[in-house]
Amino acid sequence: MNVSDARDLGAFIPKDLDDMGLDPYEFRIYCRLCRRAGAGVARESVESMAEACKMSVRKVQGCLKALIEKELVTFELVTGRPTNYYLA
């Protein structure tokens, strides 16, 4: 008998990230930034992240602050455009 699973689960969580102690909301926002980061930079508004991740804008702002304090993310403000978030 041959059993195959054709699902593309595609998710691999590195041990260091899994052991970092992020709360579920911080983890979700970090994963969102990782998925959106092309050439190491993610450009997305807080409002868009909040909608996509089913969180309030305030919650996303708090998560981003925590990720910056934990040195997982840095950012660059760009006038008239979404903030650039860089993965550390």
Pick out the one residue from Val46, Val60 that is β-branched (Val, Ile, Thr) and under 23 Å from Pro14 (Cα atoms).
Val60
Please specify each residue of segment 58-88 satisfying the condition of being under 27 Å from Asp19 (Cβ atoms), acidic (Asp, Glu) and not in a helix (DSSP H, G or I).
Glu71
With respect to Met55, is the statement that it is assigned to a loop (DSSP other than H, G, I, E, B), touching a Lys or Arg at 6+ places or on another chain (Cβ under 8 Å) and modelled with pLDDT of 95 or more true?
yes
Mind checking which residues of segment 30-48 are touching a strand residue (DSSP E or B) at 6+ places or on another chain (Cβ under 9 Å) and either assigned to a helix (DSSP H, G or I) or of a type in the set (A, V, I, L, M, F, W, C) (or both)?
Tyr30, Arg32, Leu33, Cys34, Arg35, Arg36, Ala37, Val41, Ala42
In segment 22-38, residue surrounded by the most Cβ atoms within 10 Å (Cβ to Cβ) [restricted to those that are within 8 Å of the chain's Cα centre (by Cα) and under 12 Å from Lys59 (Cα atoms)]
Ile29
Which residue pairs have Cβ atoms under 9 Å apart, sit 6 or more places apart or on different chains, and have a first residue in segment 58-81 that is within 18 Å of Arg36 (Cβ to Cβ) and a second that is of a type in the set (Lys, Arg) and outside any helix (DSSP H, G or I)?
Val78/Arg43; Arg81/Arg43
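The values are calculated or read from the model by the stated rules, or taken from the named source; none is laboratory data. Just so it is clear, the structure is predicted and the values come from calculations on it, not from any experiment. As a convention, Cβ positions derive from the backbone with ideal geometry for all residues, glycine included, and neighbour counts pool all protein chains shown.
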